[in-house]
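First comes the structure, then the notes that go with it.
Rule-based calculations on the coordinates, nothing more; no lab input. Quick caveat: nothing in here was measured; it's all calculated off a predicted structure. Neighbour counts run over all protein chains shown; Cβ positions are idealised from the backbone, glycine included.
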Amino acid sequence: MWVWRKMQKVRWSERRTNEEVLEMVDEKRSLMDRIIRSKKKWIGHIVRGDGLLKEVIEGRMDGKRPRGRRRIGFLNVIN
């Protein structure tokens, strides 16, 4: 949930910290959730179109697979 949806009316003259305001609305900061959400939105944007970037992200490239351990793909990071 976004903080401004349940934001209290806190005046700037009250001199409250961000942590205090987030505590008042029972919200916590979650940087990783925000990063993953933006990655998902970007992937959705790319996958809708046709092009080389879509093929690279989905891993559809011709040729032999390289030896050794597989690399972590962009889509594997987003769960």
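Brief remarks follow.
- At full extension, Arg29 and Val47 could sit 3.6 nm farther apart than now, given 0.36 nm per residue minus the alpha carbon distance.
- Here the stretch 3-77 yields Rg over Rh of 1.27, to two decimals, using C-alpha coordinates and the Kirkwood radius.
- Between Ile57 and Gln8, the simple label model (points 7 Å from Cα in the Cβ direction) yields a spacing of 4.0 nm.
- Length gained when the stretch Arg67-Thr17 is fully extended (0.36 nm per residue, less Cα-Cα span): 12.7 nm
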